[in-house]
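Peer 1: One structure coming up, written as structure tokens, with questions to follow.
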Amino acid sequence: MNTKMEVMQEPQPKQFQAAGFMKKYNLFFIFVGFLFIGSLLSDHFLTTQNILNILQQSAFVGIVAIGMTFVILIAGIDLSVGAVLALSGMLVSLLLSQGMNPILAIAITLLAGAFMGFLSGFISTKFKVPAFIATLAMMVSARGFALLTTDGEPIYDLPPAFTALGESLGNIPVPAIIWIVLTILAVVVLKYTTFGRKLYAVGGNEESARLSGIPVEKYVTLTYVLSGTMAAIAGILMSAWLTVGQPTAGTGLELDAIAAVVIGGTSLAGGKGGIGGTFIGVLIMSMIVNIFNLLGLSSYYQSIFMGAIIVTALIMNQFITNKK
């Protein structure tokens with residue numbers, strides 16, 4: 001009996017511990033690797049101004065990617081976020097141009113974003129429409145409404161009280177501060193609340209979650225409400241930053257958000273991943289674009305390289321999952 005206990009308590013060999021450590025923190029090492037590469041390729045990469053630029057560029061995708069992480073954790077997908085961002089930006093700009101109080105205009109826009117998310121979730125769960133189709137329909141409709149509001153024309157002359165949201169607090173961009181705060185809140189929700197634990201359960205095995213008493217349809221719908229709200233927040237901040245309501249804003253942003261979530265280690269099959277990985281995934285994507293811009297390389301090369309990075313991330317994810 002004692003011999004068995006000694007065998008059970010025998011520590012793992014160091015090589016296995018090192019391999020486990022590398023698997024757990026592989027994303028962080030990739031992030032540090034890109035920092036190192038960027039610093040070698042350009043003297044401007046690690047300057048304070050450039051780092052602030054990366055944060056600013058990351059904020060909008062980062063906020064949308066928070067909602068996307070919740071959706072993908074339940075094995076869903078939301079293709080509507082870019083269009084919801086654009087429609088939200090147009091809605092808040094339209095309300096402000098009519099003289100509405102900025103706080104009220106923002107509140108109405110957030111409710112509109114949440115409602116669009118609710119519609120996607122409700123259609124998907126109530127009528128058993130695949131999330132891909134439901135959110136694709138919402139994407140087309142929301143983009144159409146965004147263009148329809150002003151016949152495709154931007155809305156200018158937004159009040160300074162609103163555009164201040166797109167400026168900096170000290171030297172740090174306000175959208176970046178909001179992104180970081182929302183990321184921290186999302187980490188807390190996923191790790192330390194019943195809601196977060198049930199989302200992982202739904203994503204891990206929907207049928208088992210249902211049999212254990214979790215109202216699956218309710219939780220699925222709530223994740224889409226959250227995704228729509230995050231897209232609305234990003235749309236509001238983008239309009240404030242651009243100082244204009246732009247109906248074509250956010251085109252293709254849904255793909256960037258999905259890519260960031262995947263690079264961050266969240267499984268498209270659901271039930272595995274988290275916000276911390278998404279945060280680093282967004283920064284990695286922004287650093288890649290920033291390095292290419294500093295080197296003066298074409299956006300075509302950026303697209304090709306980004307595609308290779310996404311495929312590599314998926315392969316690594318699958319490899320690590322299989323090893324575990």
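Peer 1: So for the chain, considering every pair of alpha-carbon atoms, how many percent are separated by more than 26 Å?
Peer 2: Working: 26573 of 52326 pairs.
Looking at the chain, the distances longer than 26 Å represent 51 percent of pairs.
Peer 1: Using only Cα atoms, tell me the angle between helix 102-126 and the longest principal axis of the chain; keep it within 0 to 90° and round to the nearest 10.
Peer 2: So the inclination is approximately 50 degrees.
Peer 1: I would also like to ask the following. Mind ordering 112-118, 139-145 by average Cβ neighbours within 10 Å, highest first? Mind showing how you got there, number by number?
Peer 2: Numbers: 112-118: 23.0, 139-145: 18.6.
Result, highest mean Cβ count within 10 Å first: 112-118, 139-145.
Peer 1: Something else now. Sorted by packing (mean other beta-carbon atoms within 10 Å per residue), highest first, where do 61-72, 121-132, 275-286 land?
Peer 2: Working: 61-72: 30.1, 121-132: 16.2, 275-286: 24.2.
In descending order of packing, they fall as 61-72, 275-286, 121-132.
Peer 1: Continuing with the same structure: Pop out the carbon and sulfur fraction of the accessible area of the chain as a percent, whole number, probe 1.4 Å. Write down the numbers at each step before the final one.
Peer 2: Working: 11200 of 16500 Å².
Roughly 68 percent of what the probe reaches on the chain is carbon or sulfur.
Peer 1: Roughly how tilted is helix 48-73, in degrees to the nearest 10 and between 0 and 90, from the longest Cα axis of the chain?
Peer 2: 70
Peer 1: Still on this structure: With a ≥ b ≥ c the root eigenvalues of the C-alpha gyration tensor of the stretch 31-104, is it rounded (a/c under 1.5), prolate (a/b larger than b/c) or oblate?
Peer 2: On the way: a/c = 3.77, a/b = 1.53, b/c = 2.46.
Oblate shape, in that a/c is at least 1.5 and b/c is the bigger or equal ratio.
Peer 1: Considering only Phe115, Phe31, Gly273, whose Cα is most displaced toward the positive end of the charge dipole of the chain, charges sitting on Cβ of Lys, Arg (+1) and Asp, Glu (-1)?
Peer 2: Most positive-ward Cα: Gly273.
Peer 1: Another question about this same structure. With a ≥ b ≥ c taken as the square roots of the eigenvalues of the C-alpha gyration tensor of the stretch 231-324, please select rounded if a/c is under 1.5 and otherwise prolate if a/b is larger than b/c or oblate if it is not? Display every interim value, and only then the final one.
Peer 2: Values: a/c = 2.55, a/b = 1.44, b/c = 1.77.
Here the stretch 231-324 falls in the oblate category.
Peer 1: If contacts are Cα pairs under 8 angstrom and at least 6 residues apart, what is the relative contact order of the stretch 252-309 in percent?
Peer 2: On the way: 44 pairs, mean separation 14.8, N = 58.
For the stretch 252-309, the relative contact order is 25 percent.
Peer 1: Treating the beta-carbon of each Lys and Arg as +1 and of each Asp and Glu as -1, no other charges, what is the dipole magnitude of the chain about its Cα centre, to the nearest 20 debye?
Peer 2: 1160
Peer 1: Another question, then. Indicate the gyration tensor shape class of the stretch 56-205 (rounded, prolate or oblate), computed on the Cα atoms with a ≥ b ≥ c the square roots of the eigenvalues: a/c under 1.5 is rounded; otherwise a/b larger than b/c is prolate and the rest oblate. Mind dumping the intermediate values first?
Peer 2: Numbers: a/c = 2.35, a/b = 1.29, b/c = 1.82.
Cα axes put the stretch 56-205 in the oblate bin.
Peer 1: Measure out, as a whole number of angstrom, how far apart the alpha-carbon centroids of the stretch 241-271 and the stretch 274-317 sit.
Peer 2: Between the Cα centre of the stretch 241-271 and that of the stretch 274-317, the gap is 13 Å.
Peer 1: With just the Cα atoms defining each centre, how far is the stretch 127-181 from the stretch 19-95? Give it in Å.
Peer 2: Centre-to-centre distance over Cα atoms comes out at 16 Å.
Peer 1: Would you mind working out the accessible area per residue for the chain, using a 1.4 Å probe, and quoting it in Å²? Display every interim value, and only then the final one.
Peer 2: Working: 16500 Å² over 324 residues.
Heavy-atom accessible area per residue stands at 51 Å².
Peer 1: Compute the helix-to-body angle for 26-41: its Cα long axis versus the longest principal axis of the chain, expressed 0 to 90° and rounded to tens.
Peer 2: 60
Peer 1: Using label points projected 7 Å from each Cα along Cα→Cβ, tell me how many nm separate Arg210 and Ile37, to one decimal.
Peer 2: Going by the 7 Å Cα→Cβ label model, 4.4 nm.
The values are calculated or read from the model by the stated rules, or taken from the named source; none is laboratory data. What you see is a predicted model; the values in this text were computed from it and never measured. Here the Cβ is made from the backbone with ideal geometry for all residues, glycine too, and neighbour counts use every protein chain on show. Each accessible area value is taken on the protein alone, full model and side chains, heavy atoms only, with ligands, DNA and RNA left out. Shrake-Rupley method; radii C 1.70, N 1.55, O 1.52, S 1.80 Å.
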